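Participant: Take this structure first; my questions come after.
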């Protein structure tokens with residue numbers, strides 16, 4: 001794999017992706033970010049087996065390929081590079097990746113991308129779209145009631161239900177209940193909805 005890209009683009013995407021990676025993992029591959037180069041872009045993917053984050057960055061791809069490297073280490077290196085610098089990523093035999101930028105050179109240990117978990121969920125029976133600001137407001141209005149109890153993991157989230165005209169969110173920790181309903185512009189279950 002040989003890829004050249006701009007530091008700011010890579011840093012922004014790594015900033016999103018590396019947050020899902022925990023520093024201590026039972027499985028070493030979960031501390032890594034999967035890098036896949038091809039079609040004029042670099043795809044980055046990280047997971048903690050509950051959440052998967054995927055980002056794409058425009059890149060000049062010399063040789064397509066896939067590898068996985070430590071997410072936090074890569075993020076810290078890229079973060080400390082000069083603003084606007086050109087970053088070159090190159091795998092050397094699959095066991096190491098060479099990162100060069102200006103006079104800086106870093107060798108990162110790689111793990112086989114074949115052992116990286118794939119959390120594909122298949123196809124969904126329903127889909128909807130709504131403005132990001134409306135979704136953010138729905139989550140902010142109900143997040144106070146999300147449970148953080150380890151024993152009742154099924155309460156550690158927000159229930160989102162899309163109706164024909166509204167989207168409803170609900171969360172509870174069995175002490176608090178939070179529900180909100182909001183009309184949104186977009187597509188819900190294939191139907192056009194309006195404010």
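Read-outs: derived from the displayed coordinates by stated rules, not from any lab. Predicted model only: the values in this text are computed from it and were never measured. All Cβ positions, even for glycine, are placed from backbone atoms using ideal geometry, and neighbour counts span all protein chains on display.
Participant: Determine the distance separating the Cα centre of segment 13-41 from the Cα centre of segment 79-105; give it in Å without decimals.
Facilitator: Answer, in whole Å: 16.
Participant: Which value at 222 nm does the chain reach when only helices count, each DSSP H run of 4 or more adding -39,500 (n - 2.57), with the total divided by all residues and rounded to the nearest 500 deg cm²/dmol?
Facilitator: Roughly -5000 deg cm²/dmol at 222 nm, from the helical runs in the chain.
Participant: How would 60, 130 line up from fewest to most surrounding beta-carbon atoms within 10 angstrom?
Facilitator: Ascending Cβ contact count within 10 Å gives the list 60, 130.
Participant: How far is it, in nm, from the label point at residue 24 to the one at residue 159 when both lie 7 Å from their Cα along the line to the Cβ?
Facilitator: In this crude label model, residue 24 to residue 159 measures out at 3.5 nm.
Participant: If you don't mind, there's one more thing I want to ask. How big is D, in µm² s⁻¹, for the chain by Stokes-Einstein at 25 °C and 0.890 mPa s if Rh is the Kirkwood radius over C-alpha pairs?
Facilitator: Diffusion coefficient, whole number: 128 µm²/s.
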